[in-house]
1. Enter the mean projected area of the convex hull around the alpha-carbon atoms of region 24-169, in nm², rounded to one decimal.
2. Gain in length, Gln53 to Asp10, computed as 0.36 nm per residue apart minus the alpha-carbon separation, to one decimal in nm?
3. Stretched out fully, how many nm does the piece from Glu155 to Asn111 gain, at 0.36 nm a residue minus the Cα gap?
4. Which whole-number percentage describes the relative contact order of the chain, with Cα contacts under 8 Å and a sequence gap of 6 or more?
5. If you put +1 on each Lys and Arg Cβ and -1 on each Asp and Glu Cβ, how big is the dipole of the chain around its Cα centre, in Debye rounded to 20?
6. Restricting the calculation to Cα positions, tell me the Rg (one decimal) and the Dmax (whole number) of region 138-201 in Å.
7. Among rounded, prolate and oblate, which fits region 94-201 when a ≥ b ≥ c are the square roots of the eigenvalues of its C-alpha gyration tensor, a/c under 1.5 means rounded, and a/b larger than b/c means prolate?
8. Divide by every residue of the chain the summed helix terms, -39500 (n - 2.57) for each DSSP H run of at least 4, and state the resulting mean residue ellipticity at 222 nm, rounded to the nearest 500 deg cm²/dmol.
Amino acid sequence: LCDQYDIEPDEWKNLTSEDREKARNQRSERKSVQELMMQAFQFYHRQLGDRRQYYHQRGCSDETIDKRLLGYAGVGNVLRSQFKDASPDLLAQTGLFFKNDGGSLTDRYRNCFVMPYWNYGSVVFSIGRSVDPETEKNRKYVKHLTTPHYPYVSESAVRHILWGQDKVGFRSQVIVAEGVFDAILADQAYGETYTVISPVT
């Protein structure tokens with residue numbers, strides 16, 4: 001709530017002025033980066049077109065597809081083209097791009113279906129499922145870039161959380177699913193009664 005309404009938490013009063021400034025900067029970064037991530041997944045969602053059928057075949061309803069912004073990333077640097085006027089450093093912080101030595105950016109997701117992870121109304125992580133049958137044999141899932149492997153990615157905005165962990169505590173029973181599609185379908189069927197989480201590992 002403090003983040004949402006830009007209020008400084010009481011705990012900040014105990015921080016040194018240096019740490020308080022650091023906390024303010026992290027909050028500002030988190031807000032900017034997560035806004036970009038939301039725009040990115042809204043873009044991916046709009047790219048579905050006829051590929052919406054893929055999610056239907058997996059058992060997802062249109063309501064689930066739209067509510068969760070399930071999407072598709074095309075071939076090439078389609079997301080980079082969408083954000084051609086944005087700061088490369090800010091884009092790199094989203095974890096949706098590889099940052100090359102020269103500073104140029106390459107889309108993380110290409111020719112794959114993408115599923116964002118939500119945390120209290122914000123997109124904080126994601127996973128992609130390959131369309132290419134050759135990739136399918138070896139590595140069908142691709143995950144969002146995170147720190148510390150990619151130091152340019154925002155540590156405060158991008159978090160490899162459990163799918164659905166923000167709902168733990170709101171229901172008396174929890175369904176633990178292995179994969180992201182299992183979790184999405186379990187939530188679609190039983191989300192009013194159970195909390196559904198997935199480690200996706």
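The values are calculated or read from the model by the stated rules, or taken from the named source; none is laboratory data. Please read all numbers here as calculations on a predicted model, not as lab measurements. So basically every Cβ, Gly included, is an ideal-geometry build from the backbone, and we count neighbours across all protein chains shown. Calculation scope for accessible area: heavy atoms of the full protein, side chains included, ligands and nucleic acids excluded. Shrake-Rupley method; radii C 1.70, N 1.55, O 1.52, S 1.80 Å.
1. Working: hull surface 39.6 nm².
Taking a quarter of the hull surface, the average projection is 9.9 nm².
2. Numbers: separation 43, 0.36 × 43 = 15.48 nm, distance 4.84 nm.
Going from the current span to full extension adds 10.6 nm.
3. Working: separation 44, 0.36 × 44 = 15.84 nm, distance 2.64 nm.
Extending this stretch completely gives an extra 13.2 nm.
4. Working: 300 pairs, mean separation 34.2, N = 201.
After rounding, I find 17 percent.
5. Values: 26 positive and 27 negative charges, 103 e Å.
Computed about the Cα centre, the dipole is about 500 debye.
6. Rg, Dmax (Cα atoms, Å): 13.9, 40.
7. Numbers: a/c = 2.90, a/b = 1.55, b/c = 1.87.
Judged from the Cα gyration tensor, region 94-201 comes out oblate (a/c at least 1.5, b/c at or above a/b).
8. Details: 7 runs with 71 residues, N = 201.
So the helix-based figure for the chain works out to -10500 deg cm²/dmol.
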